[in-house]
Amino acid sequence: MTDLTALATRLDDAARDRVPEPQLSAEHDLSLAQAYEVQHALVTRRLDRGETRVGVKLGFTSRAKAAQMGVSDVIIGQLTSRMRVDDGAEIWLGGYVHPRAEPEVAFRLARDLDPHGWTGNVAEAVDAVAPALEIIDSRYRDFRFNLADVVADNTSAAGFVIGAWQPLPASLDNRGVALEIDGRLAENGSTAAILGDPLRAVSAAVRLAGTYDIPLRAGDLLLAGAGTPAVALASAGTVSATVSGLGRVRLRVTSAPR
Ligand code: OOG
Ligand code: MG
């Protein structure tokens, strides 16, 4: 039998040492359920080090992302306290394997969500929305993986920046989304790319969290998934994400040795 905890240790060590691993699928034929077990073991290692759970993220909710990575099913990953970067703060490139940034929409859950009692009422489930940046950093060589690989690797989750929270508007559909690097447009798209409407991310998260035993608690964050391809962070600079009507969120990247 495959030792799923040992696979989680491999991915956790890869993140610590910033040395990418071969894809797990090269040696193991993991089911999606087993891949989520590896993800749980990976998150448990973080919690054992004193981190706390702060929410969840969805992956591949847009065709732009799915096409970029060659993977097409919506997946869920888990966010922990150490991944948080304050708006405008600095990250060090040396702390990652091969980081990328992508613009996101973040929701804040108003209450604990029970997948069995889910009514589909997003306005009751969410109390705020914010523009966000996600830092993804696959622990696999060349940022290449299949669906089980990326689920096991906690959906490449490595960091996130949340902008100013604001009340949930009636609609979030069809808003422009832009990712800029040093003030130059690197990617742009529309919130419509995210499941047709980012509000649909809430039901998708409830469904996946229910299937794979991931808690959704009051105050938790939910990243709805990027509406544009991710952009590699290869040198020092300033990265910003803007969502029309929600505002902007920023990150500074440094390559200076520490
Ligand atoms: C997996 C994470 C995908 C998104 O927003 O679609 C994701 C990856 O692309 O490495 O976070
Ligand atoms: Mg993302």
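Could you say whether any residue in the range 186-193 is part of a loop (DSSP other than H, G, I, E, B) and more than 16 Å from ligand 2 (Cβ to nearest atom)? Break it down into steps so the answer makes sense when it comes.
Restricting attention to the range 186-193, the residues satisfying the condition of being part of a loop (DSSP other than H, G, I, E, B) are none.
So far as the range 186-193 goes, no, none of its residues is part of a loop (DSSP other than H, G, I, E, B) and more than 16 Å from ligand 2 (Cβ to nearest atom).
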Identify, please: which residue in the range 84-114 is under 30 Å from residue 211 (Cα atoms) and surrounded by fewer than 18 Cβ atoms within 10 Å (Cβ to Cβ) and is, among those, nearest to ligand 1 (Cβ to nearest atom)?
84
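Does residue 222 satisfy the condition of being surrounded by 23 or more Cβ atoms within 10 Å (Cβ to Cβ), within 23 Å of residue 54 (Cα to Cα) and more than 16 Å from ligand 1 (Cβ to nearest atom)? Quick ask: steps written out before the conclusion?
Numbers: surrounded by 23 or more Cβ atoms within 10 Å (Cβ to Cβ): yes; within 23 Å of residue 54 (Cα to Cα): yes; more than 16 Å from ligand 1 (Cβ to nearest atom): no.
For residue 222, the condition - surrounded by 23 or more Cβ atoms within 10 Å (Cβ to Cβ), within 23 Å of residue 54 (Cα to Cα) and more than 16 Å from ligand 1 (Cβ to nearest atom) - is not met.
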So which residues in the range 66-79 are buried (at least 21 other Cβ atoms within 10 Å of the Cβ) and either near ligand 2 (Cβ under 9 Å from one of its atoms) or over 15 Å from the mean Cα position of the chain (by Cα) (or both)?
77
For the range 51-83, which positions are hydroxyl-bearing (Ser, Thr, Tyr) and within 14 Å of residue 208 (Cβ to Cβ)?
61
Breaking point among (1) part of a helix (DSSP H, G or I); (2) surrounded by 19 or more Cβ atoms within 10 Å (Cβ to Cβ), for residue 241:
(1)
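If the requirement is being surrounded by fewer than 16 Cβ atoms within 10 Å (Cβ to Cβ), within 11 Å of ligand 1 (Cβ to nearest atom) and at pLDDT below 95, which of these qualifies: 144, 63? If you could, list the steps in order and put the result at the bottom.
Numbers: 144 fails: at pLDDT below 95.
Result: 63 is the single residue among 144, 63 that is surrounded by fewer than 16 Cβ atoms within 10 Å (Cβ to Cβ), within 11 Å of ligand 1 (Cβ to nearest atom) and at pLDDT below 95.
The values are calculated or read from the model by the stated rules, or taken from the named source; none is laboratory data. Just so it is clear, the model here is predicted, and its values are computed rather than measured. So basically every Cβ, Gly included, is an ideal-geometry build from the backbone, and we count neighbours across all protein chains shown.
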